[in-house]
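Please read the structure below before turning to the comments.
What follows draws every value from the coordinates through simple rules; no lab data is involved. For clarity, every value in this text was computed on a predicted model and none was experimentally measured. All Cβ positions, glycine included, derive from the backbone under ideal geometry; neighbour counts span all protein chains shown.
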Amino acid sequence: MGAGPAALCIVAELVEQGILVNALASHAPDKPWPNTYGIWAEELESLGMASLLGHRWSNTTSYFGNGIGRRGVEPVQHYFDYGLFDQEALQKSLLHRCDGLKWNLETASEIKVLGAETEVFCTSGNSYRARLVIDASGHKSKFISRPNHGPVAQQAAYGVVGRFSSSPVEKGQFVLMDFRPDHLTELEITEPPTFLYAMDFGNDVYFVEETSLACSPPIPWETLKKRLHKRLGHRGVEIQEVMHEEKCLFPMNLPLPDRNQPLLAFGGSASMVHPASGYMVGALLRRAPTLAKHLAMDMSFKPDLTSSELATRGWQVLWTPELVQRHRLYQFGLRRLMSFDESRLRKFFATFFRLPREDWSGFLANTLPLPRLIIVMLKLFYISPWKVRIGMIFGGKIF
């Protein structure tokens, strides 16, 4: 169920494994995706998919100073290529691999597990049966059960693709995070921090986006829009033409689903958003082939498995004990960061990007094995200023 990046990733792999798939989606699978998707280029190169990048930058930087004085405006150079997916190319590539698949434009209203099969009832009155149902419809799915651990922190962003009175970033530059707060009042600095994510698309077109790392409740889009305009205005930049407006809102610390439930999930509904970065597409592309191969083997060689048993085996592949532990570590780290004030958060990220590139990039991509991840986190603690260390242990709002 679904037609977004997660659904197309897992469907493409299932079809290639020879599994008969019936897809349900509330809209056509070729409907353009509304949001942009970024990824570190090396992560995509390792999958042999670098051709799906629409843009790529070698001049990748961040700003963690206070924006005042020479030292306060010096950028951190990442020396690591970053890219944006060509969304149309990615979508068409996945749909091509699903060639011949039947798409039913339906909205599920109820799902019943019948033993060997599961039946999906739709608002149209139609129903569909399958040995296994995979919900890839996103984090708002009402069919996937998960524990309630309290309010969920969400990343919110408001962005604009357009033309400007002057360059909002340097020509050919990608800015991962610009946390400089010199445009804010003393009162605004005490509010939840936000940062600028921006890039030069060429031909005098730029993308600028004001982003909140994670907050509960989420920062409203209107607040982010005002902050973006204030940040640009402080640097003498005005938006002259809006070519595209982007609004993003998604959970960062969604609890892992109940992995004994008779439905399997993939993507946002399976809590696959990376709690440390908010990224997911790289994980979809890496983890879909493994899941599809195991499901194909189970369905081919173990025909007596019920729907519930197939789902359980799928959950075991999707969320191995190591991945569960890594997810918990990332969620712990996110809770700490959410308690940091603006100054401490800038110090944290300035320290984080002092780690060796293979450490911080693996951390952000969630590709570090558990022992290595623990070592990297300990290394980060060791090199951090005392104020950041205290925040890591006790939370930033205590001291």
Practice task
Assign unit charges at the C-beta atoms only (+1 for Lys and Arg, -1 for Asp and Glu), then state the dipole size of the chain relative to its Cα centre in Debye, rounded to the nearest 20.
Solution key: 1200 debye
Completion exercise
Long-range share for the range 337-394, i.e. C-alpha pairs more than 18 Å apart as a percent of all pairs, stands at 32 percent
Fill in the blank from the handout: Going fewest to most other Cβ atoms within 10 Å around each Cβ, I189, I111 line up as I189, I111
Fill in the blank from the handout: The simple spin-label model distance between V205 and I390, using points 7 Å out along Cα→Cβ, in nm, is 4.9 nm
Fill in the blank from the handout: Inverse of <1/r> over all distinct C-alpha pairs of the range 209-253, i.e. the Kirkwood Rh in Å, gives 11.9 Å
Problem - Expected 222 nm ellipticity per residue - DSSP helices of 4 or more, -39500 (n - 2.57), all of the chain, to 500 - result: -11000 deg cm²/dmol
Completion exercise
Extension length gain for S339 and K379 (0.36 nm per residue less Cα distance), in nm, is 12.3 nm
Problem - Pairwise FRET efficiency - K225 versus S167, Cβ, R0 = 22 Å, nearest 0.05 - result: 0.60
Completion exercise
One quarter of the C-alpha convex hull surface, i.e. the mean projected area of the chain in nm², amounts to 20.0 nm²
Fill in the blank from the handout: Residue ranges of DSSP H helices in the chain that stretch 18 Å or more (Cα, own long axis) and have mean Kyte-Doolittle hydropathy of at least -1.0 are 281-301, 321-338, 370-383
Practice task
Obtain the nm distance between the two label points defined at Q325 and L370 by a simple spin-label model: each point lies 7 Å from its Cα along the Cα-to-C-beta direction.
Solution key: 0.3 nm
Problem - Relative counts (whole %) of C-alpha pair distances in the range 121-213, using bins that are 5 Å wide - result: 2, 9, 14, 14, 11, 10, 10, 9, 9, 7, 4, 1
Completion exercise
Here the FRET efficiency for F301 versus L20, based on Cβ atoms and R0 = 22 Å and rounded to 0.05, is 0.85
Problem - Antiparallel %, DSSP beta bridges [both residues in the chain], to 5 - result: 80 percent
Fill in the blank from the handout: extent check for the range 14-147: Cα max minus min per principal axis, descending, whole Å, gives 67, 35, 25
Problem - the range 100-138: GluC sites (Glu not before Pro) in DSSP coil with no more than 16 other Cβ atoms inside 10 Å - result: E117
Exercise for the section: Take the Cβ-Cβ distance between S124 and E74 as r, set R0 to 51 Å, and report the resulting FRET efficiency rounded to the nearest 0.05. Expected result: 0.30
